[in-house]
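K.L.:
Mind having a look at this structure? Questions to follow.
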Amino acid sequence: MNDAEFTLQRTIATISQSDPLIKLLEQIRLGRMTRTDAGLRAVTESWLAAYQKAVETPGLTRQALLRLDPSPRVTELVHEGILTHDHIAVNALLAAFKQAVERATA
């Protein structure tokens, strides 16, 4: 495994550790947690910050960044009513991702 692939795999692992879709979305669907639960909000905010830091990782190629695209996850969280598209952290994450891709292609 080369350095770029190692960096990508490490970045994916970091994002996955706090991903609210993996564990918490099921809890909402089962009625064990609400969309307004403070714990869910804290995990989601932490995940957004971790994701932003991850896409800003130096050394990621354009191809690697495209594999990390946060849009599908954000869209699902918006669809589930956990986030809104105008949320400050969502906008910051999407802007950081766009900038990282632009830098990688330059």
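K.L.:
Lys and Arg at +1, Asp and Glu at -1: add these up for the other residues within a Cβ distance under 15 Å of His85 and post the number.
P.N.:
-1
K.L.:
I would also like to ask the following. Semi-axes of the chain's equivalent ellipsoid from the Cα gyration tensor, sqrt of 5 times each eigenvalue, largest first, rounded to whole Å?
P.N.:
The equivalent ellipsoid of the chain has semi-axes of 27, 15, 10 Å.
K.L.:
Need one number: nm distance between label points at Thr84 and Ala42, each 7 Å from Cα along Cα→Cβ, rounded to one decimal.
P.N.:
So the label points at Thr84 and Ala42 sit 2.4 nm apart.
K.L.:
What number, in percent, do you get for the relative contact order of the chain if the mean sequence gap of Cα pairs under 8 Å and at least 6 apart is divided by its residue count?
P.N.:
Relative contact order here is 32 percent.
Coordinate-derived values only; no laboratory data. Not measured: the values here are computed from a predicted model. Using ideal geometry, Cβ is built from the backbone for each residue, glycine included, and neighbour counts are taken over all protein chains shown.
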